[in-house]
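This report refers to the structure that appears directly beneath it.
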Amino acid sequence: MIASEQRQLEIDNNIVVADAYGVRDDVPCDVPLERVSLKRNVAFAYPKDTPEVRNEKFAQDVVKELISYAVGCMFGRYSLDKPGLILASQGETLDDYLAQIPNPSFGPDADNVIPVTETDCFEDDIVTRFRRFLTVAFGKENLAANIAYIEQVLGKSIRKYFVNDFYNDHVKMYSNRPIYWQYSSQTSNKGSFKALVYLHRYTPKTTNVVLNYLRDYTGKIADIADSLEHSDRAADQKQAAKLHKAVLECKDYEDQTLYPLATRNLEIDLDDGVLVNYLRMGKALRSIPAIERKRKEVSTWTWPVHPLKD
């Protein structure tokens with residue numbers, strides 16, 4: 001309706017101008033709906049698609065925007081209780097958040113580390129927090145229906161979306177300069193252990209907090225694998241083997257990457273930009289192809305601080 005109203009306003013404006021110059025019969029005044037440049041105009045956003053496909057893509061985009069906003073609320077970048085940015089400067093803490101919002105209806109994560117794992121092992125992982133966000137924002141009575149709708153639009157469970165797709169969408173949204181960083185036990189998207197942090201709340205102790213989550217996760221999936229090994233079901237045996245492989249992956253990530261980085265208490269400076277700081281983290285974070293291409297150019301750059309050393 002808004003796009004149609006805007007289209008009519010543009011047509012009326014064209015008529016007024018054409019009449020003023022006496023060219024009403026010579027200049028077309030009509031405006032195709034595809035040219036009404038409103039973000040919520042599906043004809044403009046997806047001009048080559050059928051109406052049905054346009055509506056599907058629009059619903060997906062809106063759901064992903066909601067999820068992105070929810071994650072922002074989880075980290076304190078946004079709040080359900082106040083419009084605009086809340087924590088958006090380096091070094092800001094929960095105290096700064098509470099100074100603006102003393103009694104938040106949905107408070108941010110305390111330690112700035114949110115696990116994102118396929119195996120449900122944490123009481124405060126991203127799926128649990130997202131469900132809590134939906135409950136606060138739209139009411140407990142609507143939670144089941146909202147979850148069902150979101151999963152129908154995404155074409156997968158919320159957990160699978162967070163594990164496999166959210167970070168890719170976030171990196172794309174921020175043009176390869178993400179503000180949420182994903183620690184991952186593999187530099188590809190296949191890491192068994194993943195955790196998100198908010199760049200603006202990063203401290204030299206953040207990696208150590210992630211390390212503690214990693215160790216907790218490794219122990220939990222090892223216990224699950226051990227229990228499944230005693231099952232007679234082939235599916236359980238297969239899952240046990242998968243989890244044992246994940247345990248080895250996580251231990252290697254700890255020994256070779258995360259623990260050495262945690263002991264350095266690495267500082268970052270947001271004035272250096274996302275690219276420089278992302279490279280400073282080495283292989284602790286998910287690989288971003290556009291940034292990896294820059295990594296190969298490191299030897300030719302003049303850095304304020306070497307990206308991979310203190």
* Please tell me if Ser184 is touching a strand residue (DSSP E or B) at 6+ places or on another chain (Cβ under 6 Å) and crowded, with 17+ Cβ neighbours inside 10 Å. => yes
* To do: Kindly indicate whether Val53 is under 16 Å from the mean Cα position of the chain (by Cα), at pLDDT below 95 and either under 30 Å from Ile224 (Cα atoms) or aliphatic (A, V, I, L, M) (or both).
  => no
* If you go through region 118-128 one residue at a time, do you hit one that is farther than 30 Å from Lys220 by Cα and without any contact (Cβ under 8 Å) to a residue 60 or more places away in the chain? -> no
* Among the candidates Ala59, Ala99, Ala144, Ala70, single out the residue that is open to solvent by less than 70 Å² (accessible area, probe 1.4 Å), of a type in the set (Gly, Ala, Ser) and more than 27 Å from Phe193 (Cα to Cα). => Ala59
* Structure fact -> The condition of being open to solvent by 30 Å² or more (accessible area, probe 1.4 Å), in contact (Cβ under 8 Å) with a residue 40 or more places away in the chain and more than 28 Å from Thr93 (Cβ to Cβ) holds, among Arg177, Arg159, only for Arg159
* Does Thr119 satisfy being over 17 Å from the mean Cα position of the chain (by Cα), open to solvent by 10 Å² or more (accessible area, probe 1.4 Å) and β-branched (Val, Ile, Thr)? -> yes
* **Residues of region 73-90 that turn out to be in contact (Cβ under 8 Å) with a residue 12 or more places away in the chain, open to solvent by 50 Å² or more (accessible area, probe 1.4 Å) and either touching a helix residue (DSSP H, G or I) at 6+ places or on another chain (Cβ under 6 Å) or in a loop (DSSP other than H, G, I, E, B) (or both), as a count** => 4
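The values are calculated or read from the model by the stated rules, or taken from the named source; none is laboratory data. Note that the coordinates shown come from a computational prediction; the quantities given were computed from them, not determined experimentally. Using ideal geometry, Cβ is built from the backbone for each residue, glycine included, and neighbour counts are taken over all protein chains shown. The protein model used for the area step is the full one, side chains on, heavy atoms only, and it has no ligands, DNA or RNA in it. Shrake-Rupley method; radii C 1.70, N 1.55, O 1.52, S 1.80 Å.
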